[in-house]
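The structure appears below as structure tokens.
Computed from the coordinates by the stated procedures, all read-outs in this text should not be read as laboratory data. Keep in mind that this is a model prediction, so the values were computed, not measured. With ideal geometry, Cβ positions are generated from the backbone for all residues, glycine too; neighbour counts draw on all protein chains shown.
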Amino acid sequence: MMVAMVAVPRNRASRSRAGRTLRLLGPGLLVLVLAACTDEPSTPAPEAESVAFELSLGPGASGLSPADRDQLQTAVGDTLSAYVVDAFLGDYPRDDFVAALDSFTSGGARLAAEQLDVVTGAGFGSPEDVVATRLDARLSTFAPDEEASGVSAAVNFEFEVADDGSTELVQVAGRLMLTPEGDEWKIFGFDLDDPMAETS
């Protein structure tokens with residue numbers, strides 16, 4: 001099984017949460033901050049960052065050459081990571097999620113636009129901050145004649161959604177279906193659980 005780690009960029013200016021930051025530092029690591037009685041201003045705690053995107057190849061890719069498998073992972077990984085950033089991360093509070101539709105085909109974008117609360121963070125309400133704590137995708141590839149022509153990505157995303165001093169863990173899971181379009185891969189269909197169904 002091939003696994004690729006794709007960095008997910010963050011571009012936000014939300015406030016830090018020291019408790020969450022310490023959890024992401026890893027087990028066995030204790031950070032002690034001693035505040036000295038000086039005139040020097042205290043250093044703010046670092047912001048919690050989203051995890052890297054973990055992408056693995058499942059059934060259907062065995063007939064592809066190693067180079068084609070690498071290219072498939074890279075291209076699909078680029079599309080999925082861009083989708084996650086535009087759909088769920090970014091600067092909060094936000095109410096504009098239209099950029100997420102760029103990762104879809106024209107037909108897929110029309111379907112997604114009708115269900116923004118499911119395919120984007122529009123259903124999160126008005127949080128102050130959203131951080132990804134899990135971004136997993138396993139690809140099942142349709143590759144007749146040793147050429148990839150379709151992908152079904154089983155996705156499991158988890159986000160810490162922070163609002164008014166409290167944090168809620170929200171899961172987005174299901175499938176995203178992709179097809180090649182020019183030099184890129186685009187999402188043409190989706191079957192995702194409503195991320196807020198259990199909390200609404």
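The residue list Ala112, Ala75 contains one member that is more than 19 Å from Gly174 (Cβ to Cβ), hydrophobic (A, V, I, L, M, F, W, C), out of contact with any Gly (no Cβ under 7 Å at 6 or more places or on another chain) and in contact (Cβ under 8 Å) with a residue 40 or more places away in the chain, which is Ala75. Residue-level check: of (1) under 16 Å from Gln171 (Cβ atoms); (2) among the β-branched types (Val, Ile, Thr); (3) out of contact with any helix residue (DSSP H, G or I) (no Cβ under 7 Å at 6 or more places or on another chain), Thr105 misses just (1).
Which residue out of Glu147, Glu114, Glu128 is out of contact with any strand residue (DSSP E or B) (no Cβ under 9 Å at 6 or more places or on another chain) and farther than 22 Å from Asp193 by Cβ?
Values: Glu114 fails: farther than 22 Å from Asp193 by Cβ; Glu128 fails: out of contact with any strand residue (DSSP E or B) (no Cβ under 9 Å at 6 or more places or on another chain).
Exactly one residue qualifies, and that residue is Glu147.
Note on the range 149-196: enclosed strands (runs of 3 or more DSSP E) holding 1 or more residues that are surrounded by fewer than 16 Cβ atoms within 10 Å (Cβ to Cβ) and among the acidic types (Asp, Glu) are 166-181, 184-192. Which ones in the range 116-145 are without any contact (Cβ under 8 Å) to a residue 24 or more places away in the chain and either within 14 Å of Tyr83 (Cβ to Cβ) or within 18 Å of the chain's Cα centre (by Cα) (or both)? Hit for the range 116-145 is Leu116, nothing else.
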